[in-house]
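Quick notes on the structure that follows.
The values are calculated or read from the model by the stated rules, or taken from the named source; none is laboratory data. Since the structure is predicted, the reported quantities are computational estimates derived from the model, not experimental observations. Don't worry about glycine lacking a Cβ; one is built from the backbone with ideal geometry, like all the others, and counts go over all protein chains shown. With ligands, DNA and RNA removed, areas are computed over all heavy atoms of the protein, side chains included. Shrake-Rupley method; radii C 1.70, N 1.55, O 1.52, S 1.80 Å.
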Amino acid sequence: MPVAASRGVRRSSYTLVTPANHYPSRLPNLRTTQFVKLVTPRFAPARFGQYLLLIEAGGGTDAPVAPGFEAFLYGLDGEVALRAGGLSHMLRPGAFAYLPPESGFELDAPGAARLLWLKRPYEPWPGLGPPEAVAGHRDDEPFADTDVRGFRRRELLDPADPRLDFNMSLLQFDPGVGLDKVEVHDEEHGLYMTAGAGHYHLDDDIHEVRRDDFIYMAPYCPQSFVATGAEPAEYLLYKDVYRDGF
């Protein structure tokens, strides 16, 4: 029997996880929900977890997700009702929510749904408290042009708020357009392809990436991207910010 081929890759400075690589597991408090671990701190030096929730109709939380960690939730397909303290928000495709570490939350999906969940410990800074909960939709504000023609971005969290220790951004590229340099920096990334395809430069390698692929990039991993195909490429990008790395 031939060995199955895979685009998935594990290196010391990055991982590429494709839908064909998914190995769903479950959590005790998630009802009829498959739980795909895209990255966790088990893969050093990652300091966050990012998960894909595959929720069946009627699924969600049997018990609230306990407070203690920051959370960012982003709707991919279907609808999921989020309740977190005084916040109620319907996570439709493109809807999102940031929850501070003191906030637990509950989820209920009337139909089948897919949801991204990012989890990380909050890094306090002297004189600054944690941010408030934020909820919205990607279409609440337009994408902003960058200095690279055909490359646009949408910041989902306020990049001017130093209480935040991470940002979530949508980056969108017309076909043939890419980043204008190979970046090497201290910040780590979690990247989820939300549309299109492209080539990602990671360390000394170049990989084909497509919708629903996930990339973890460790600090100082050389990285760049160019969109390929006939439609724009887009990804949701996590990056730690406003902290000194210690």
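LEU202 passes every criterion in (1) within 24 Å of LEU53 (Cβ to Cβ); (2) crowded, with 17+ Cβ neighbours inside 10 Å; (3) not basic (Lys, Arg) apart from (1).
Out of the residues in the stretch 1-29 that are without any contact (Cβ under 8 Å) to a residue 60 or more places away in the chain and open to solvent by less than 60 Å² (accessible area, probe 1.4 Å), which is nearest to ASP108 (Cα to Cα)? Taking the candidates together, the pick is ASN29. Considering HIS189, HIS185, the condition of being at pLDDT 95 or above, surrounded by fewer than 16 Cβ atoms within 10 Å (Cβ to Cβ), under 19 Å from the mean Cα position of the chain (by Cα) and closer than 27 Å to ALA44 by Cβ is satisfied by HIS185 alone. Among the residues of the stretch 49-56, none qualifies, meaning not one is free of Cβ contacts under 8 Å to residues at least 24 places away in the same chain and over 30 Å from GLY129 (Cα atoms).
How about the stretch 36-64: which of its residues are outside any loop (DSSP other than H, G, I, E, B) and either within 20 Å of LEU191 (Cβ to Cβ) or within 17 Å of the chain's Cα centre (by Cα) (or both)? Can you show your working first?
Here is the first cut: in the stretch 36-64, the ones outside any loop (DSSP other than H, G, I, E, B) are 36-39, 49-61.
Selection gives VAL36, LYS37, LEU38, VAL39, GLY49, GLN50, TYR51, LEU52, LEU53, LEU54.
Remark: pairs (first residue in the stretch 134-156, modelled with pLDDT of 95 or more; second residue among the hydroxyl-bearing types (Ser, Thr, Tyr) and open to solvent by less than 100 Å² (accessible area, probe 1.4 Å); Cβ separation under 6 Å; 6+ apart in sequence or on different chains) = VAL134/TYR98; ARG153/SER169; GLU155/SER169. Considering (1) in a strand (DSSP E or B); (2) in contact with a helix residue (DSSP H, G or I) (Cβ under 7 Å, 6 or more places away or on another chain), the lone condition that ASP212 does not fulfil carries the number (1). Quick one: would you say PRO67 is assigned to a loop (DSSP other than H, G, I, E, B), open to solvent by 30 Å² or more (accessible area, probe 1.4 Å) and closer than 18 Å to LEU54 by Cβ? So PRO67 fails the test.
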